[in-house]
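See structure below.
What follows draws every value from the coordinates through simple rules; no lab data is involved. The structure displayed is predicted, hence computed values, not measured ones. Neighbour counts run over all protein chains shown; Cβ positions are idealised from the backbone, glycine included.
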């Protein structure tokens, strides 16, 4: 089965970087990819680290894009937020399928 390409923009601003360190010990990219794999989702993530997204009071922030659909998540503060991020990725992919 081929993987579905999803682009994920991870904020790498000062406040988000600090928040990401509380969420995962290693890089947020690897952490998110590991959760995708563990959940058995057929996604291939293309991770893009961005400059500050100007949502510092809601750090950490990420945006996922697939086709014409996007999902933005913020207030990522612990590893427990992984399920919410996976749900956002699923919604983004499904919304794009529906819009076609």
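Key figures for this structure:
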| quantity | calculated |
| --- | --- |
| Every residue from region 32-43 that is closer than 17 Å to residue 7 by Cα, in contact (Cβ under 8 Å) with a residue 40 or more places away in the chain and either surrounded by fewer than 17 Cβ atoms within 10 Å (Cβ to Cβ) or out of contact with any strand residue (DSSP E or B) (no Cβ under 7 Å at 6 or more places or on another chain) (or both) | 35, 41, 42 |
| Filter result for residue 84 (over 14 Å from the mean Cα position of the chain (by Cα) and in a helix (DSSP H, G or I)) | no |
| Near pairs, Cβ below 8 angstrom, 6+ apart or cross-chain, from region 75-99 (touching a residue at least 60 places away in the same chain (Cβ under 8 Å)) to any residue that is assigned to a loop (DSSP other than H, G, I, E, B) and surrounded by 15 or more Cβ atoms within 10 Å (Cβ to Cβ) | 89/41 |
| Subset of region 44-81 [assigned to a helix (DSSP H, G or I) and either over 12 Å from residue 32 (Cβ atoms) or in contact with a strand residue (DSSP E or B) (Cβ under 9 Å, 6 or more places away or on another chain) (or both)] | 56, 57, 58, 80, 81 |
| Residue selected from region 1-20 under the condition within 15 Å of the chain's Cα centre (by Cα) and over 15 Å from residue 56 (Cβ atoms), by the criterion surrounded by the most Cβ atoms within 10 Å (Cβ to Cβ) | 8 |
